[in-house]
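Everything on this sheet refers to the single structure shown next.
The values are calculated or read from the model by the stated rules, or taken from the named source; none is laboratory data. Since we're looking at a predicted model, the values are computed, not measured. Here Cβ is always computed from backbone atoms with ideal geometry, including for glycine, and neighbour counts include all displayed protein chains. The area values use the complete protein model at the heavy-atom level, side chains included, leaving out ligands, DNA and RNA. Shrake-Rupley method; radii C 1.70, N 1.55, O 1.52, S 1.80 Å.
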Amino acid sequence: MLPIVLEMRGPEGWTASIIKFAEGLMLHFGKRLKRVIALPSPDDQVYDSNVLVVIEKPTLDDVKIVMEIAVRSGERLNPLVVDEGDEEAVRIFMSSFQIPKADWNYEHVKFAEGLMLHFGKRLKRVIALPSPDDQVYDSNVLVVIEKPTLDDVKIVMEIAVRSGERLNPLVVDEGDEEAVRIFMSSGGRDVEAR
């Protein structure tokens, strides 16, 4: 379970609107309400929303009620309602907070260059998350290779160690579209060699 933090230094009225909104949701939904995640400002958006409401098995009527409570709580509330099983939405809302993260300092570029030299045309993509502190599947870089072998994985790890101490690559075959989709939806970008 995450700690409960109420940041009181948000834009004027935003914190008060969120508290009023959460109270209204708790009164109506009781134990079905699982989480309310508000972005730091009403101007911030994820999926065109600034508040995530997690409810156990929400119905269309539940969504309508959430919207009515939002309108009564503050004019700038724009909630997104999801089921408690939607871990992707929760993760993306939680990761959208502006927490300073480490910079790659070109480690990922050096890594991509080393991979290109070794694998040539078999190397299809190198996707790095925004920061070495970010992780998907316990990795911060996705390496897409045509038909990778265990020896290929070992070589990728050796190149990672030579390129920088913060690289934690995941190696997948070019057909693994799910891994690519998840890395890209987590802010990953293709690494271009210099």
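Of note:
- Test: residue in segment 118-127 that is touching a Leu at 6+ places or on another chain (Cβ under 9 Å), free of Cβ contacts under 8 Å to residues at least 40 places away in the same chain and over 30 Å from Phe29 (Cβ atoms): yes
- Residue match in segment 117-129 (condition: in contact with a Ser or Thr (Cβ under 7 Å, 6 or more places away or on another chain), among the basic types (Lys, Arg) and open to solvent by 10 Å² or more (accessible area, probe 1.4 Å)): no
- Where Arg181 falls short, out of the listed (1) modelled with pLDDT under 95; (2) open to solvent by less than 90 Å² (accessible area, probe 1.4 Å): (2)
- Conditions (1) touching a residue at least 40 places away in the same chain (Cβ under 8 Å); (2) of a type in the set (A, V, I, L, M, F, W, C); (3) open to solvent by less than 30 Å² (accessible area, probe 1.4 Å); number of the one not met by Val143: (1)
- Residues located in segment 59-87, provided they are of a type in the set (D, E, K, R) and more than 19 Å from the chain's Cα centre (by Cα): Asp61, Asp62, Lys64, Glu68, Arg72, Glu75, Arg76
- Residues of segment 81-97 satisfying the condition of being part of a helix (DSSP H, G or I) and not basic (Lys, Arg): Glu87, Glu88, Ala89, Val90, Ile92, Phe93, Met94, Ser95
- Condition met for Val71 (surrounded by 15 or more Cβ atoms within 10 Å (Cβ to Cβ) and either β-branched (Val, Ile, Thr) or within 22 Å of Ser185 (Cβ to Cβ) (or both)): no
- Taking every residue in segment 173-194 that is among the hydrophobic types (A, V, I, L, M, F, W, C) and pairing it with any residue that is assigned to a helix (DSSP H, G or I) and open to solvent by less than 90 Å² (accessible area, probe 1.4 Å), at least 6 positions away or on another chain, the pairs with Cβ-Cβ distances below 8 Å are Val191/His108; Val191/Val109; Val191/Phe111; Val191/Ala112; Ala193/Val109; Ala193/Ala112; Ala193/Glu113.
- Residues located in segment 43-64, provided they are open to solvent by less than 40 Å² (accessible area, probe 1.4 Å) and either farther than 15 Å from Met94 by Cα or acidic (Asp, Glu) (or both): Ile55, Asp62
- Qualifying residue in segment 65-80 (condition: in a loop (DSSP other than H, G, I, E, B), basic (Lys, Arg) and touching a residue at least 60 places away in the same chain (Cβ under 8 Å)): yes
- Unique match (being of a type in the set (Lys, Arg), modelled with pLDDT under 95 and assigned to a helix (DSSP H, G or I)) among Lys110, Lys154: Lys110
- Asp134 open to solvent by less than 60 Å² (accessible area, probe 1.4 Å), assigned by the TED database to the domain that holds Val109 and in a loop (DSSP other than H, G, I, E, B): yes
- For Glu84, the test of being over 30 Å from Leu167 (Cβ atoms) and surrounded by 14 or more Cβ atoms within 10 Å (Cβ to Cβ) is passed.
- Among the residues of segment 16-70, those that are polar (S, T, N, Q) and over 17 Å from Gly85 (Cα atoms) comprise Ser17, Ser41, Gln45, Ser49, Asn50.
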